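Engineer: Please see the structure below; I have some questions.
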Amino acid sequence: MSRILVAEPVAQEGLDILAAAHETSVRLSLPRAALLEALGEDGGWDALVVRSQTRVDAELLAAAAPRLSVVGVASVGTDRVDLAAATRGGVMVVNAPTGNTIAAAEHTLALMMALLRRIPEADASVRRGEWERAKYIGAELRHRTLGIIGLGKIGKAVARRAAAFEMRVLAHDPFMTAEQADENAARLVGLPELLVRADVITVHVPLTAQTRGLIGEAQIGAMKPGAVLLNVARGGLVDEAALAQALRDGRLAGAAVDVYSAEPMAPDNPLRDAPNTILTPHLGASTSEAQGRVGVEMAEQLVMALSGVTPPYALNAPSVAREVAPQLSPYVELGRRLAILARQLVPGPFNAVTLTYAGEISEWDGGPIRTAVLSGLLEAVTDQRVNAVNADVVARERGLTVTEERNDAADPFASLVSLALGEGAGRATLSGSSAHGRPHLAGLDGFAIDAELAGTILVTRHHDQPGIVGAVGSALAAAGVNISSLELSRLSAAGEAMMFVSVDQSIPDDVLEGLRAVRGMVEARVVQLPT
């Protein structure tokens with residue numbers, strides 16, 4: 001059972017999932033120094049759960065090393081997590097990217113309507129005892145043009161709801177096709193066109209080094225006079241000083257902001273006294289329904305990660321779509337076991353790895369298989385943790401060239417994974433497939449072998465001549481070693497042959513030396529694979 005430290009509030013539904021699977025401790029509102037100290041106590045923690053306030057940086061990761069393996073973020077945004085540092089340390093980061101989609105989209109529409117109908121101002125006026133209907137004439141959404149920057153899950157949800165209000169919807173997203181935009185009631189355009197044509201502009205992109213300051217003075221200056229701007233995504237996307245100045249100058253008619261460059265909102269933030277604004281304290285995901293969904297989604301991802309499965313929403317590891325995972329997962333484990341076997345059969349150095357995906361799996365993303373293979377190869381030759389998170393990074397650091405190839409044909413198998421180590425005459429090649437969900441070896445250096453990749457296995461190369469199989473059986477029997485299965489293959493009659501002998505007990509060293517001395521034996525070694 002793993003140990004999970006929950007450092008920020010998470011819905012009870014999520015906590016219940018964590019507690020049912022692992023030892024879970026909830027310690028909220030710890031000061032930074034106290035959290036760093038807590039991460040190292042009692043042998044450390046396997047997982048850390050945060051939300052949006054805890055800064056998960058290199059210092060925190062070092063305090064939690066070497067045990068910490070997963071960080072669960074109960075939020076869509078992960079800008080408080082140093083993903084590069086987590087990746088170097090082999091710490092997987094998972095989040096909950098779909099749980100608050102509806103809440104954020106509805107909050108965007110609520111702010112849009114409140115802004116255009118001037119609801120906060122009118123409410124305050126009535127409370128002051130006034131009744132000035134003419135002063136608070138608003139505008140309708142119908143037939144206005146909405147510009148959505150970022151057509152991800154939330155952007156799409158906003159687009160569909162805006163279309164229901166009979167708005168014209170433009171969208172800008174460099175990773176989206178025109179067909180995908182059209183399916184969500186939007187027309188894909190470039191950012192310059194969106195800025196000059198939209199009456200209402202809303203931003204729905206993540207905060208990254210590339211998107212920070214995405215809407216600055218130049219972009220605000222390009223907007224249609226009298227336009228309004230909304231940000232329910234992340235603080236830092238919009239230049240707050242430039243936005244405040246445009247509002248004071250009357251170039252923009254209004255702005256609704258839910259997120260800020262510093263949270264809580266700084267006292268000197270220029271938006272505090274800017275006219276025609278609606279400011280909310282990061283409420284985009286703040287519905288009871290969304291909090292429940294986010295907590296459950298994050299908890300499910302974290303439990304999957306702790307079980308050794310890369311979940312669909314892993315941010316720094318190759319993930320598998322839910323619909324593909326059942327078919328691909330056996331081949332991920334196959335890749336790992338092929339690599340563990342290869343590492344024992346090829347103990348010498350190599351600087352090249354070639355992976356071939358054949359048959360049905362050639363159509364899928366091979367990333368999870370690749371990282372599983374690299375983990376199996378590298379974990380025995382380095383003192384750092386190597387897993388799906390950092391396998392590619394460690395391979396590059398060690399100068400390993402990794403090549404991936406695809407082949408439609410895998411006869412007689414539905415799918416086949418092949419692994420080649422090295423180049424030229426010294427190249428070693430292994431291939432395998434999955435049978436009833438279990439990894440099986442299919443070939444080794446030209447020999448056709450059907451052997452399950454599990455447990456203790458005696459591997460021999462010998463001349464194809466009478467007496468060798470019997471000698472092996474007799475030697476193992478005399479030592480009290482039971483044979484559970486034996487696979488024999490040869491390249492040609494009287495040529496070179498190979499045996500894969502699975503045994504139930506370890507083979508003593510003196511017995512192995514005796515086997516090596518058998519007439520006609522070329523090589524005999526024992527390999528150990530996971531059971």
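Engineer: When only Cα pairs under 8 Å and 6 or more residues apart are kept, what is the percent relative contact order across the chain?
Structural biologist: 11 percent
Engineer: Students often check this: by mean Cβ neighbours within 10 Å, which of 15-24, 353-362, 485-494 ranks highest, and how do the rest follow?
Structural biologist: Ranked from most to least packed, the peptides come out as 353-362, 15-24, 485-494.
Engineer: Show which aspartates and glutamates lie in cross-link reach of LYS156 when reach means a straight Cα distance below 16 angstrom and same-chain residues fewer than eight apart are skipped.
Structural biologist: GLU106, GLU166, ASP173, GLU179, ASP182, GLU183
Engineer: As a test of the formula, what do you get for the chain when each DSSP H run with n ≥ 4 contributes -39,500 (n - 2.57) and the sum is divided by the residue count, at 222 nm and rounded to the nearest 500 deg cm²/dmol?
Structural biologist: Value at 222 nm, helices only: -10000 deg cm²/dmol.
Engineer: Relative to the Cα centre, what is the charge dipole magnitude of the chain, using +1 at the beta carbon of each Lys and Arg, -1 at the beta carbon of each Asp and Glu, and rounding to the nearest 20 debye?
Structural biologist: Magnitude of the dipole: close to 1220 debye.
Engineer: Along each principal axis of its Cα atoms, how long is the stretch 1-98 end to end? Whole angstroms, biggest number first, please.
Structural biologist: 32, 30, 25
Engineer: Right, another one. If only Cα atoms are counted, what is the Rg of the stretch 291-422, and what is its Dmax, in Å?
Structural biologist: Here Rg and the maximum Cα pair distance are 15.5, 53 Å.
Engineer: Based on the Cβ-Cβ distance from GLN465 to GLU423, what FRET efficiency comes out when R0 is 30 Å, to the nearest 0.05?
Structural biologist: Efficiency at R0 = 30 Å is approximately 0.40.
Engineer: Explain nothing, just the number: dipole magnitude of the stretch 40-117 about its Cα centre with +1 on each Lys and Arg Cβ and -1 on each Asp and Glu Cβ, in debye rounded to the nearest 20.
Structural biologist: With Lys and Arg at +1 and Asp and Glu at -1, about 280 debye.
Engineer: Output the relative contact order of the stretch 444-531, whole-number percent, from Cα pairs under 8 angstrom with separation of 6+ residues.
Structural biologist: Dividing the mean separation by the residue count of the stretch 444-531 yields 45 percent.
Engineer: Full extension from GLN12 to ASP445: what is 0.36 nm times the residue separation minus their Cα-Cα distance, to one decimal in nm?
Structural biologist: Extending this stretch completely gives an extra 150.5 nm.
Engineer: Over the Cα atoms of the chain, what Rg and Dmax result, in angstrom?
Structural biologist: Taking only Cα atoms of the chain, I get Rg and Dmax of 30.1, 108 Å.
Engineer: Relative to the present Cα-Cα distance, how much length would full extension add between GLU404 and THR382 at 0.36 nm per residue of separation?
Structural biologist: The GLU404-THR382 span can extend by a further 5.6 nm.
Engineer: Also, I was wondering about something else. In angstroms, what radius of gyration and Dmax does the stretch 214-303 have, counting Cα atoms only?
Structural biologist: 15.7, 52
Engineer: Next question. Ignoring any ligand, DNA or RNA, what whole percent of the accessible area of the chain comes from carbon and sulfur when the probe is 1.4 angstrom?
Structural biologist: Result for the chain: 52 percent of the exposed heavy-atom area is carbon or sulfur.
Engineer: Counting Lys and Arg as +1 and Asp and Glu as -1, each charge on the Cβ, what is the dipole of the stretch 8-68 about the Cα centre in debye, to the nearest 20?
Structural biologist: 200 debye
Engineer: Step through the residues of the stretch 219-233 one at a time and calculate ³J(HN,Hα) from phi using the Karplus curve (6.51 cos²θ - 1.76 cosθ + 1.60, θ = phi - 60°), rounding each to whole Hz and writing x for Gly and Pro.
Structural biologist: 5, 5, x, 7, 5, 4, x, x, 6, 10, 10, 10, 9, 10, 9
Engineer: If you don't mind, there's one more thing I want to ask. Take every Cα pair under 8 Å in the stretch 319-447 that's 6+ residues apart, average their separations, divide by the length, and report that relative contact order as a whole percent.
Structural biologist: 33 percent
Engineer: Modelling each spin label as a point 7 Å along the Cα-to-Cβ direction, I'd like the ARG32/ALA241 distance in nm, to one decimal.
Structural biologist: The modelled label-to-label distance comes out at 2.4 nm.
Engineer: OK, next. Pick out, from GLY284, ALA246, ALA317, the residue whose Cα sits farthest towards the positive end of the charge dipole of the stretch 232-386, with +1 on the Cβ of Lys and Arg and -1 on the Cβ of Asp and Glu.
Structural biologist: With unit charges placed on the Cβ atoms, the residue in question is ALA317.
The values are calculated or read from the model by the stated rules, or taken from the named source; none is laboratory data. Nothing here was measured: the structure is a model prediction, and the numbers come from that model. Every residue, glycine among them, receives a Cβ derived from its backbone with ideal geometry; neighbour counts consider all protein chains shown. For the accessible areas, the whole protein counts, side chains as well, though only heavy atoms, and no ligand, DNA or RNA atoms are used. Shrake-Rupley method; radii C 1.70, N 1.55, O 1.52, S 1.80 Å.
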